[in-house]
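Student: Please see the structure below; I have some questions.
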Amino acid sequence: MAPAGQPSGDEPDAPRDGRDRFADDLIGLDPHDPEAQAFAEHLERMERPNSKATVEGMLSGVEDFARCANRAQGHRRVMVVLVVVLILFGVLVTVWNAVGFMLGTFLAHAG
């Protein structure tokens, strides 16, 4: 029986990390080895069932991007920052255009 607050492996809805889920793929590897843990996490990301057409799927993609960005170093880190700045600039231009259009339409009909 599992300790209080922790699911046992027999429950169908129990969350399982990549190391348990891919135990057959990790046979012979040290479960405490950081490279084996990273490989298990990689397998988990590759087989994640979330659809990209849902909000949850899109947010998980952002989460994966943020994790990878935090691990990036050197020129890859610079490229990640550049991509984020370009995305934010695109959002800013879009919002500016939308506000300008709304104000122009409102003022044209008000006068």
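The values are calculated or read from the model by the stated rules, or taken from the named source; none is laboratory data. Remember, predicted model here, so these are calculated numbers, not experimental data. Backbone-built Cβ (ideal geometry, glycine too); neighbour counts: all protein chains shown. To get the accessible areas, we keep the full protein, side chains included, count just its heavy atoms, and leave off ligands, DNA and RNA. Shrake-Rupley method; radii C 1.70, N 1.55, O 1.52, S 1.80 Å.
Student: Might you let me know whether the stretch 28-40 holds any residue that is within 13 Å of the chain's Cα centre (by Cα), surrounded by 11 or more Cβ atoms within 10 Å (Cβ to Cβ) and not in a loop (DSSP other than H, G, I, E, B)? Explain how you work it out, then say what you get.
Tutor: To start, the set of residues in the stretch 28-40 that are within 13 Å of the chain's Cα centre (by Cα) comprises none.
Among the residues of the stretch 28-40, not one is within 13 Å of the chain's Cα centre (by Cα), surrounded by 11 or more Cβ atoms within 10 Å (Cβ to Cβ) and not in a loop (DSSP other than H, G, I, E, B), which makes the answer no.
Student: Within the set of pairs 6 or more residues apart or between chains, which connect a residue that is closer than 12 Å to Arg45 by Cα inside the stretch 57-79 to a residue that is open to solvent by 50 Å² or more (accessible area, probe 1.4 Å) and outside any helix (DSSP H, G or I) with Cβ atoms less than 6 Å apart?
Tutor: Partner pairs satisfying both residue conditions: Gly57/Asn50; Gly57/Ser51; Ser60/Asn50.
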